[in-house]
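This report concerns only the one structure given below.
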Amino acid sequence: MGYTIEFEPIGRRGECPEGATLLEAAQALGVDLVSVCGGAGTCGRCKVQIVAGVVSPLTERERKALGEAELAQGYRLACRARLLGDCRVHVPPESLTAPQRTQVEGLQVLVQPDPAVRAYEVRPKPASLADPRADEVRLRAAMLRAHQLEPVRFDLALLQQLSPRLRPVGAVHEPPLQAVHEPPLQAVHEPPLLSLALRGDEGVAVGTAGTRWLGLAVDIGSTKIAGYLVDLGSGQTPAAQGLMNPQMAYGEDIIARLNHAGKGPAEAARLQELLVAALNGLAADLCRQAGAQPAQIVDAVAVGNTAIHHLFLRLPVRQLAQSPYVPAVSSALDVKARDLGLAFAPGAYVHTLPNIAGFVGADHVAMLLATGIAEAQGLTLAIDIGTNTEMCLASGGQLMSASCASGPAFEGAHIRFGMRAAPGAIERVRIDGDRVSCQTIGHQPPVGICGSGLLDAVAQLRQGGILDRSGRLLDHPCVRQGDGGREFVLAGAEEGGGRAITLGQNDVRELQLAKGAIRSGIDLLLAVAGRRAEELERVIIAGAFGTYIDVASAIAIGMLPDLPLDRFQQVGNAAGTGARLALISQEMRRAAAELAGRVRYLELARTPGFARTFAQAMYL
């Protein structure tokens, strides 16, 4: 006998036999749940919430693994709960492996579509010897007649395409000019019904009636770029995709790129051209997925940190790398896409959200916009974790933000066996005495370790007494002397395709630097505000890496304050969500500008007690 089970928000539904565990059902339906212990019930990572249906009674092992609050909300361990009837299950992001977690990441914020570019259908009167007005004059008159819109002006690149649009291939054109004494002949063709994309009073693109005009929202991170293709009419997102930022070839950290761009115009141009080529490729890929063309993109919103923003717009950057780290521009800008090298609609614009300071940019503003943190009454902390981590402390409408260089360790850089979240990367670790269990992305043989696995491993080593508070590896059957010093063996050579996957002393130090930067930023924001960590009512964790981490592990190593887990909320790429909001709503653009003006910026390095706080935050 079988029962129907549905996994939300993955959207997987199917039939599974009675008595199967929810973990077995998930595996059968292609839902990749985290299960480091392989279903033995010892790791407690496969948490799911029973929304509706009948499952087996709660086990004693689940009572120990789940807190009272989680039990009250219907949480179970998927490897312990068995199907006894039709069932609907909600899977929290932290219980999914990295690839599927990416699919469901991101806040869903609903706003009424009110884009900067709107479409109007119009049919100009035909030209004739009796009415030889210019094409743009007749189009302007048609807009006034059909939509009471005047005056309307047109982008030059649109005008360069207008006349052929009014005379499609195959149309019957005017007969030859007649003798002077003969009466003029009238036109014998009717111009087609057109769709005019209007931005304010400016026509930026023209197409056939029914053209689906699109927008592109991009979050340009130091390491990764996230792109979202948006239907401007409905506000829906038909395609989304990520890729690596090609500027990484000129430095993983922002300062290295700024120094390279500061060498001269050619170097700055190269960094901008790399980024634009990547964005053009991304736009083409997204349009292909949606059955569209890049020429249908009539508006775009781009966010990134201040350095990325300046490199993208080819603004001066030398002053950004030198104290007092002053931006050339902090206001929101509207720039012609073609002026940046972007191959979109003829007159398309790119809107960039405002920057706040030298190292707190438009991506932070987008995150604040998406999370609604400005309306928080209780003490709230929002953290966007990445190579450069931004954070904001909010209470009662007061906003204070800071930035810290957490470095690329979370992306697997500077880690001996580090790698990005790809098949074969160790993403979860469990250490029980002498037994080490690892889960890899895609359940492939281990080939390296990604950021979430690194965080998990260090937390497990610390909790197991294998690392002391200073981060020094202690004696253990899995600790050995390697070429670079002491190392802990996560996976033996027989598991790792002929080479052991290890975590060395230097790897631990790299993570300590990253987590120390983040924790010192949190502690200094709280100290300047005269508040304590225990007062935090909500901690919002944003960013791609923030989506993958196990919050309990981050707490265990001291990266995040020791608070109840229900106070933490992982929201995915909130900066990307904020960019989409600004793309489909002019009100959201105005709100972003207002937000940027309200933020008080805290320069951490100049804050009293910074060195002491950072040194303390390095401890596990």
**Request:** Answer yes or no as to whether Ala321 is touching a residue at least 40 places away in the same chain (Cβ under 8 Å), of a type in the set (A, V, I, L, M, F, W, C), farther than 18 Å from Arg580 by Cα and touching a Leu at 6+ places or on another chain (Cβ under 7 Å).
**Result:** yes
**Fill in**
Exception for Ile466 within (1) in contact with a His (Cβ under 7 Å, 6 or more places away or on another chain); (2) within 30 Å of Val360 (Cβ to Cβ) falls at (2)
**Item:** Entirely in segment 1-86, the helices (runs of 4 or more DSSP H) that have 3 or more residues that are buried (at least 17 other Cβ atoms within 10 Å of the Cβ) and of a type in the set (Val, Ile, Thr)
**Value:** none
**Item:** Unique match (being surrounded by fewer than 19 Cβ atoms within 10 Å (Cβ to Cβ) and free of Cβ contacts under 8 Å to residues at least 60 places away in the same chain) among Ala422, Ala457, Ala394
**Value:** Ala422
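Mind checking whether some residue in segment 578-600 is more than 26 Å from the chain's Cα centre (by Cα), farther than 30 Å from Val117 by Cβ, assigned by TED's automatic domain parsing to the domain that holds Leu467 and not hydroxyl-bearing (Ser, Thr, Tyr)? First the steps, then the outcome.
Of all residues in segment 578-600, those more than 26 Å from the chain's Cα centre (by Cα) come to none.
No, there is no match, as no residue in segment 578-600 is more than 26 Å from the chain's Cα centre (by Cα), farther than 30 Å from Val117 by Cβ, assigned by TED's automatic domain parsing to the domain that holds Leu467 and not hydroxyl-bearing (Ser, Thr, Tyr).
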**Request:** Give the residue, chosen from Gly521, Gly558, Gly609, Gly498, that is buried (at least 24 other Cβ atoms within 10 Å of the Cβ) and assigned by TED's automatic domain parsing to the domain that holds Gly465.
**Result:** Gly521
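Conditions tested, residue by residue: (1) surrounded by 15 or more Cβ atoms within 10 Å (Cβ to Cβ); (2) in contact with a Gly (Cβ under 8 Å, 6 or more places away or on another chain); (3) under 14 Å from Thr352 (Cα atoms); (4) of a type in the set (Gly, Ala, Ser).
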site	(1), (2), (3), (4)
Leu565	no, yes, no, no
Phe568	yes, no, no, no
Ala574	yes, yes, no, yes
Gly578	yes, no, yes, yes
Leu583	yes, yes, yes, no
Arg590	no, no, yes, no
Gly597	no, no, no, yes
**Prompt:** Restricting the first residue to segment 481-500 and requiring it to be within 21 Å of Gln444 (Cβ to Cβ), which pairs with a second residue that is of a type in the set (A, V, I, L, M) and exposed (fewer than 13 other Cβ atoms within 10 Å of the Cβ) meet a Cβ separation below 8 Å and a spacing of at least six or different chains?
**Reply:** Arg499/Ala493; Ala500/Ala493
**Message:** So Phe410 ticks every box in (1) part of a strand (DSSP E or B); (2) crowded, with 24+ Cβ neighbours inside 10 Å but one. Which box is left unticked?
**Reply:** (1)
**Message:** Which residue is surrounded by the most Cβ atoms within 10 Å (Cβ to Cβ), if the candidates are limited to segment 221-244 and must be under 15 Å from the mean Cα position of the chain (by Cα) and either of a type in the set (D, E, K, R) or over 30 Å from Arg199 (Cα atoms) (or both)?
**Reply:** Ser222
**Message:** I'm told Asp231 meets every condition in (1) under 30 Å from Arg153 (Cα atoms); (2) touching a residue at least 60 places away in the same chain (Cβ under 8 Å); (3) acidic (Asp, Glu) except one. Can you identify the failing condition by its number?
**Reply:** (2)
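Determine, yes or no, whether Arg486 is in contact with a Leu (Cβ under 9 Å, 6 or more places away or on another chain), in the same structural domain as Met618 (by TED's automatic domain parsing), over 30 Å from Pro564 (Cβ atoms) and not in a helix (DSSP H, G or I).
On the way: in contact with a Leu (Cβ under 9 Å, 6 or more places away or on another chain): yes; in the same structural domain as Met618 (by TED's automatic domain parsing): yes; over 30 Å from Pro564 (Cβ atoms): yes; not in a helix (DSSP H, G or I): yes.
Yes: the conditions hold for Arg486.
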**Asked** Do we find that Val365 is part of a strand (DSSP E or B), closer than 29 Å to Glu267 by Cα, touching a helix residue (DSSP H, G or I) at 6+ places or on another chain (Cβ under 6 Å) and not charged (D, E, K, R) in this structure?
**Response** no
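Could you check segment 501-620 for strands (runs of 3 or more DSSP E) lying wholly inside it with 2 or more residues that are within 19 Å of Ile415 (Cβ to Cβ) and not polar (S, T, N, Q)? Let's see the steps before the verdict.
Details: elements: 501-504, 538-542, 568-572, 599-601.
Output list reads 501-504.
The values are calculated or read from the model by the stated rules, or taken from the named source; none is laboratory data. For clarity, every value in this text was computed on a predicted model and none was experimentally measured. Reconstructed Cβ throughout: ideal geometry from the backbone, glycine too, with neighbour counts over all protein chains shown.
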